[in-house]
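Notes for the one structure printed next.
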Amino acid sequence: MATRNIQIVGTGQLLELSRRLKQAGGPRLKANFTRRIRRAAEPLKADMQATIRTLPIRPEPRKSGSRGGPSPTTRPLRATIAQAVSIQVRTGVMPGARVYVDRAKLPRDLKRMPKAMNRESGRIRHMVFGNKKRWHNNWTTPLWWEKTATKHQPRMRAEVARVLDDVRNSLS
């Protein structure tokens, strides 16, 4: 994603747990751990998608004498970006869960848009219909990604701690 990473991990505990999972050699235990961590991140993913879909984007007022017209694409911007939100669960060296916008799932012309939409200024600067000589500004809620992730941190920390305790108890 075009934003700063916000990770919910207790790296020391997760690293120790990862090593013990490898020693125990329990693929079922590892699959259960991965499934529960992913399930803990699902509400954050859903909230990110909902936030993107409802994110207000305001245009700059038109200057007098400027022409307008329909968009050259019928692709919905916010829905396209929302579909690209993904979860990645790692159990190896850096265990944890990550919710991010998978740029590989975005069309070529939108790969930089998530980062542009999350700027501190809230400004989205873009060319007018691909004309590199004409630029336009749109405005959105600044740092919406971080604000949404921050709301979920306490719940996710508690859930990850609960999963770690359950797995640790089953290893003992």
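Just to verify a result, which residue in region 20-40, among those that are closer than 14 Å to GLY96 by Cα and open to solvent by 60 Å² or more (accessible area, probe 1.4 Å), is modelled with the lowest pLDDT?
LYS30
Would you point out the residue of region 115-129, among those that are touching a strand residue (DSSP E or B) at 6+ places or on another chain (Cβ under 8 Å) and among the hydrophobic types (A, V, I, L, M, F, W, C), that is surrounded by the most Cβ atoms within 10 Å (Cβ to Cβ)? Let's see the steps before the verdict.
Of region 115-129, the ones touching a strand residue (DSSP E or B) at 6+ places or on another chain (Cβ under 8 Å) are 116-117, 122-128.
Then keep just the ones that are among the hydrophobic types (A, V, I, L, M, F, W, C); that gives 116-117, 124, 127-128.
Details: ALA116: 15, MET117: 25, ILE124: 19, MET127: 11, VAL128: 13.
Filtering region 115-129 for residues that are touching a strand residue (DSSP E or B) at 6+ places or on another chain (Cβ under 8 Å) and among the hydrophobic types (A, V, I, L, M, F, W, C), the one surrounded by the most Cβ atoms within 10 Å (Cβ to Cβ) comes out as MET117.
Could you check region 109-137 and list, in sequence order, the residues that are closer than 30 Å to ALA41 by Cβ, touching a residue at least 60 places away in the same chain (Cβ under 8 Å) and not aliphatic (A, V, I, L, M)?
Matches in region 109-137: ARG112, PRO114, LYS115, ASN118.
For the list (1) open to solvent by less than 30 Å² (accessible area, probe 1.4 Å); (2) out of contact with any Phe, Trp or Tyr (no Cβ under 6 Å at 6 or more places or on another chain); (3) more than 16 Å from ILE52 (Cα to Cα); (4) assigned to a helix (DSSP H, G or I), I need the number of the one condition that GLU146 fails.
Only one criterion is unmet by GLU146, namely (3).
Out of the residues in region 61-83 that are within 27 Å of TYR100 (Cβ to Cβ) and either more than 32 Å from the chain's Cα centre (by Cα) or not in a loop (DSSP other than H, G, I, E, B) (or both), state the one that is modelled with the lowest pLDDT.
Checked region 61-83; the qualifying residue modelled with the lowest pLDDT is LEU77.
The values are calculated or read from the model by the stated rules, or taken from the named source; none is laboratory data. Not measured: the values here are computed from a predicted model. In this analysis, Cβ positions are derived from the backbone assuming ideal geometry, glycine residues included, and neighbour counts consider all displayed protein chains. Just so you know, the surface numbers come from the protein's heavy atoms only, side chains and all, with ligands and any DNA or RNA stripped out. Shrake-Rupley method; radii C 1.70, N 1.55, O 1.52, S 1.80 Å.
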